[in-house]
Amino acid sequence: MKAAVVHSFTAPLTVEDRPVPEPGPHQVLVRIEASGLCHTDIHAAHGDWPVKPAPPFVPGHEGVGIVEAAGSEVRHVRVGRRVAIPWLADACGRCDHCVSGWETLCLQQHNSGYSVDGAYAEYALAHGDYVVPVPDGVDPMDAAPLSCAGVTTYKAVKLSGARPGTRVLVSGIGGLGHLALQYARIFGAETVAVDITDDKLALAGELGADHVIDARTQDVAAEVQRLGGADAAVSLAVSNASFRAAYDALRRGGTLVLVALPAEGVLELPVFDTVLNGTKVVGSIVGTRQDLAEVFRLHQLGRTRVIRESRQLDEVNRCFEEVLAGKVTARLVFDLR
Ligand code: NAD
Ligand code: ZN
Ligand code: ZN
């Protein structure tokens, strides 16, 4: 099978031929149809974060495909089913986080395309209990970005407290942000979209943002404060400066939801202002299997639009360049059919 492999944090990926893996007792073998390119895959391939993956590894955690074989202990999915392989490859299933609906915080979790091989390949192994069924009528090329960009922003918007009467700032209208904006609207909030490229600002308008701010030429915090400030801001831009701008755009009692993970990401906060303003700052990491099921359901009902372009896996290195250069309108998805 064809797979894109990271051998070093400083070299391009190589697309190579590897044997099709055999599923263990709890695993399924998935024939990948669509595999989304999340900015996290670039951080993984570059070793950007304090906890690094161990090369060689296959990136990819927006994998969607058909179960082709299942191990003897797999109970919940059958051969022939379309499933998604998200970032949460598996978790212990028993700790307090796992049993209280916070499996994404499990200390024993594995992560697809990071600590275990992911979906930049024609086939991938996954845990039978942690793949998420993709409902009929959801295009696999849409399901792929929903499996990380969708579920992550759906969860982050839930945590933001967005509801009718609130104003929510979405910082960064990329793969994640274009979906965050749609979820904030679904939750009933007035929306403010911020980006630094013309096509993303135009996309935000098309997707119904109530206000669009160009961070290249406008002072984000001042513009949002002119509107009355944001009740919540969701930080999805791979830029340290954008975090502080989002924080400064909040009104009293507001919530900053941190999601983007730039290399050496740092946010310095004034304690005095944070205390007196009653500001909340929360980190948000992907979402659970249940969150992803809800994301798929919303899409099946026609409530969300996935903006994406298809690419071939052989183009992976060029695709990374395109994302880093800000040339991708929202999401790139490898079509492996
Ligand atoms: P992306 O490259 O598709 O989108 C980033 C967007 O931010 C782009 O549209 C870019 O133009 C915009 N941007 C850059 N600088 C900006 C600025 N100063 N102000 C406003 N916008 C700016 O990336 P993505 O795939 O959407 O991922 C975004 C980040 O989220 C990455 O760091 C990724 O690793 C992280 N991520 C986190 C989680 C999580 O669970 N916390 C999950 C997935 C991705
Ligand atoms: Zn991701
Ligand atoms: Zn656990």
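Listed values, structure above:
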| quantity | calculated |
| --- | --- |
| Count of the stretch 31-44 residues which are more than 13 Å from ligand 2 (Cβ to nearest atom) and either under 16 Å from the mean Cα position of the chain (by Cα) or among the aliphatic types (A, V, I, L, M) (or both) | 2 |
| Output for the stretch 91-110, where each listed residue is part of a helix (DSSP H, G or I), free of Cβ contacts under 8 Å to residues at least 60 places away in the same chain and either crowded, with 19+ Cβ neighbours inside 10 Å or more than 7 Å from ligand 3 (Cβ to nearest atom) (or both) | Asp96, Cys98, Val99 |
| Flag if Tyr123 is within 16 Å of ligand 3 (Cβ to nearest atom) and over 17 Å from Cys38 (Cβ atoms) | no |
| Boolean, Val134 is within 12 Å of ligand 1 (Cβ to nearest atom) and in contact (Cβ under 8 Å) with a residue 40 or more places away in the chain | no |
| Scan of the stretch 44-59 for residues that are closer than 16 Å to Arg18 by Cα and not aromatic (Phe, Trp, Tyr), ordered by number | Pro55, Pro56, Val58, Pro59 |
| Elements of type helices (runs of 4 or more DSSP H) contained in the stretch 244-337, each with 2 or more residues being buried (at least 16 other Cβ atoms within 10 Å of the Cβ) and not assigned by TED's automatic domain parsing to the domain that holds Ala204 | 289-300, 316-324 |
| Residues of the stretch 110-149 that turn out to be within 16 Å of the chain's Cα centre (by Cα) and among the acidic types (Asp, Glu), as a count | 1 |
| Those residues of the stretch 232-244 which are farther than 19 Å from Thr153 by Cα and at pLDDT 95 or above, in sequence order | Arg244 |
| Members of the stretch 32-80 found to be away from ligand 1 (no atom under 16 Å from the Cβ), of a type in the set (D, E, K, R) and surrounded by fewer than 16 Cβ atoms within 10 Å (Cβ to Cβ), listed by number | Glu68, Glu73, Arg75, Arg78 |
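The values are calculated or read from the model by the stated rules, or taken from the named source; none is laboratory data. These figures come from a predicted structure and were not determined experimentally. Ideal geometry is used to build each Cβ from the backbone, glycine not excepted, and the neighbour counts take in all protein chains shown.
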